[in-house]
Amino acid sequence: MTLLTVDPQKCKRDGICVETCPMGIIQLKSKEALPTLIPGGDALCIQCGHCVAVCPHGAMDHSAIPLDQCPPIQKELLLSDAQAEQFLRMRRSIRRYKKKSVPRELLARLIEVARHAPTGHNSQPVEWLVVYDTQEVRCLAGLVIDWMRHLVAERSPLATMLHMDLVIKSWEAGTERIFRDAPHVIVAHAPQAHRAAQSSCTIAMSYLELMTTALGLGGCWAGYFTGASQIWQPLIDALALPAGNMVFGAMMVGYPKYRYYRMPLRKTPKIVWR
Ligand SMILES: Cc1cc2nc3c(=O)[nH]c(=O)nc-3n(C[C@H](O)[C@H](O)[C@H](O)COP(=O)(O)O)c2cc1C
């Protein structure tokens, strides 16, 4: 099957697909000709689907990105600039959760949105682990605490910098500060050797966190857990990720106990204009 199929009736030969293809593999040989792949274009295509999505006439189809599976952008759903700004600025790290499970479908929807985040060369290396079981979340938190105890005993500078002694004390007093008693944790992992692993997981997780807000859920990055998951063998064993994969981001998720009424202040950005 050929990679690109162009509808000759719909194609206006405007060259938009040629201009927008990031790999430069589409050509118009003449003003009348239909767009075609350059020789060897199949091997260079990164399956980003720009050619399908950017054609105003719906003339372009792609074997890996079928036109009929690319949802149209609905104008009535576009955000105003004010809506977008408020939505992005109102997101907060949620650290108090209701004792209530989130339906699996909602967690799946978070990942469904997050998987559309950009990745280097459209490589899409992110894989997901959903720790749905709240007891298991608690067990994983316990393993992170073990890691912290080990670092504190070793007088690790990381333990001092991240105040791990206080986190351990809280745990011993019954307050869980690893996942903040969130009912679920979503973990983004990827092949450690993949050059886009870290950036892809981070960006996807950022999408996921934003989507929690849209669904009335709350999330917070689980940084202690991520740190431990990369080096603490008992936790690595418990996670049992595919061989060669590493955790690059984790999000606690649940229903927020409180709502926020104001947006935060941040440092004034340091900007150089040239
Ligand atoms: C990579 C990363 C790791 C984080 N790890 C934790 C964590 O382990 N525990 C926690 O309570 N908050 C964690 N946070 C949340 C930050 O503390 C929070 O984003 C910051 O204080 C700003 O607050 P806001 O997210 O509510 O705007 C993390 C944030 C990021 C981006």
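The values are calculated or read from the model by the stated rules, or taken from the named source; none is laboratory data. Computed from a predicted structure; not experimentally measured. Backbone-built Cβ (ideal geometry, glycine too); neighbour counts: all protein chains shown.
When V167 is evaluated against the numbered criteria (1) out of contact with any strand residue (DSSP E or B) (no Cβ under 6 Å at 6 or more places or on another chain); (2) under 14 Å from A114 (Cβ atoms); (3) of a type in the set (A, V, I, L, M, F, W, C), which criterion, by number, is the only one it fails?
Result: V167 passes all but (2).
When A243 is evaluated against the numbered criteria (1) closer than 16 Å to W128 by Cα; (2) within 13 Å of the ligand (Cβ to nearest atom); (3) in a loop (DSSP other than H, G, I, E, B), which criterion, by number, is the only one it fails?
It fails just one condition, (2).
Here is a list of conditions, (1) within 14 Å of the ligand (Cβ to nearest atom); (2) closer than 17 Å to Y97 by Cα, and L265 meets all of them except one; can you say which number that is?
Among (1) within 14 Å of the ligand (Cβ to nearest atom); (2) closer than 17 Å to Y97 by Cα, the lone unmet condition for L265 is (2).
Considering only the stretch 152-165, I want to know if a residue exists there that is within 24 Å of P22 (Cβ to Cβ) and within 16 Å of the ligand (Cβ to nearest atom).
The initial filter retains those residues of the stretch 152-165 that are within 24 Å of P22 (Cβ to Cβ), namely none.
No, because not a single residue in the stretch 152-165 is within 24 Å of P22 (Cβ to Cβ) and within 16 Å of the ligand (Cβ to nearest atom).
Among residues belonging to the stretch 166-198 that are small (G, A, S), more than 13 Å from the ligand (Cβ to nearest atom) and in contact (Cβ under 8 Å) with a residue 60 or more places away in the chain, point out the one that is farthest from L239 (Cα to Cα).
Start the filter on the stretch 166-198 by keeping residues that are small (G, A, S), which leaves 170, 173-174, 182, 188, 190, 193, 196-197.
From what is left, the residues that are more than 13 Å from the ligand (Cβ to nearest atom) are 173-174, 190, 193, 196-197.
Filter once more, keeping what is in contact (Cβ under 8 Å) with a residue 60 or more places away in the chain: 190, 196-197.
Numbers: A190: 13, A196: 22, A197: 18 Å.
In this case the residue turns out to be A196.
Assess whether L3 counts as being free of Cβ contacts under 8 Å to residues at least 40 places away in the same chain, surrounded by 15 or more Cβ atoms within 10 Å (Cβ to Cβ), touching a strand residue (DSSP E or B) at 6+ places or on another chain (Cβ under 8 Å) and over 30 Å from A182 (Cα atoms).
On the way: free of Cβ contacts under 8 Å to residues at least 40 places away in the same chain: no; surrounded by 15 or more Cβ atoms within 10 Å (Cβ to Cβ): yes; touching a strand residue (DSSP E or B) at 6+ places or on another chain (Cβ under 8 Å): yes; over 30 Å from A182 (Cα atoms): yes.
In short, no.
Counting only residues that are touching a residue at least 24 places away in the same chain (Cβ under 8 Å) and in contact with a helix residue (DSSP H, G or I) (Cβ under 9 Å, 6 or more places away or on another chain), how many does the stretch 232-253 have? Explain how you work it out, then say what you get.
Of all residues in the stretch 232-253, those touching a residue at least 24 places away in the same chain (Cβ under 8 Å) come to 232, 234-235, 238-239, 241-242, 244-253.
Adding the requirement that they be in contact with a helix residue (DSSP H, G or I) (Cβ under 9 Å, 6 or more places away or on another chain) leaves 232, 234-235, 238-239, 241, 245-253.
So the count comes out to 15.
I'd like the residue in the stretch 221-235 that is within 13 Å of the ligand (Cβ to nearest atom) and not aliphatic (A, V, I, L, M) and, out of all such residues, is surrounded by the most Cβ atoms within 10 Å (Cβ to Cβ). Explain how you work it out, then say what you get.
Taking the stretch 221-235 as the starting set, the residues that turn out to be within 13 Å of the ligand (Cβ to nearest atom) are 221-230.
Right, trim to not aliphatic (A, V, I, L, M) and you get 221, 223-227, 229-230.
Working: W221: 16, G223: 12, Y224: 20, F225: 28, T226: 21, G227: 19, S229: 24, Q230: 13.
Per the criteria, the residue is F225.
Give the number of residues within the stretch 239-274 that are farther than 24 Å from L166 by Cβ and more than 22 Å from the chain's Cα centre (by Cα).
Number satisfying all stated conditions: 15.
Any residue at all in the stretch 205-212 that's farther than 17 Å from V130 by Cα and more than 16 Å from the ligand (Cβ to nearest atom)?
Looking through the stretch 205-212, none of the residues is farther than 17 Å from V130 by Cα and more than 16 Å from the ligand (Cβ to nearest atom).
Among (1) surrounded by fewer than 17 Cβ atoms within 10 Å (Cβ to Cβ); (2) polar (S, T, N, Q); (3) touching a residue at least 60 places away in the same chain (Cβ under 8 Å), there is one condition T119 misses while meeting the rest; what is its number?
Every condition holds for T119 apart from (1).
Looking at the stretch 86-93, is at least one residue modelled with pLDDT of 95 or more and either farther than 30 Å from H184 by Cβ or more than 16 Å from the ligand (Cβ to nearest atom) (or both)?
No, the stretch 86-93 has no match at all.
Rundown of residues vs (1) at pLDDT below 95; (2) surrounded by 16 or more Cβ atoms within 10 Å (Cβ to Cβ); (3) hydroxyl-bearing (S, T, Y), yes/no style:
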| position | (1), (2), (3) |
| --- | --- |
| Q124 | no, yes, no |
| V137 | no, yes, no |
| I145 | no, yes, no |
| M148 | no, yes, no |
| R155 | no, no, no |
| S170 | no, no, yes |
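If you take just the helices (runs of 4 or more DSSP H) that sit entirely in the stretch 1-91, which of them hold at least 3 residues that are under 23 Å from the mean Cα position of the chain (by Cα)? Don't jump to the end; show me each part of the working.
Details: elements: 16-20, 41-44, 50-54, 81-90.
Qualifying helices (runs of 4 or more DSSP H): 81-90.
So A188 clears everything in (1) more than 30 Å from N122 (Cα to Cα); (2) of a type in the set (A, V, I, L, M, F, W, C); (3) in contact with a Cys (Cβ under 7 Å, 6 or more places away or on another chain) except one condition, right? Which one?
(1)
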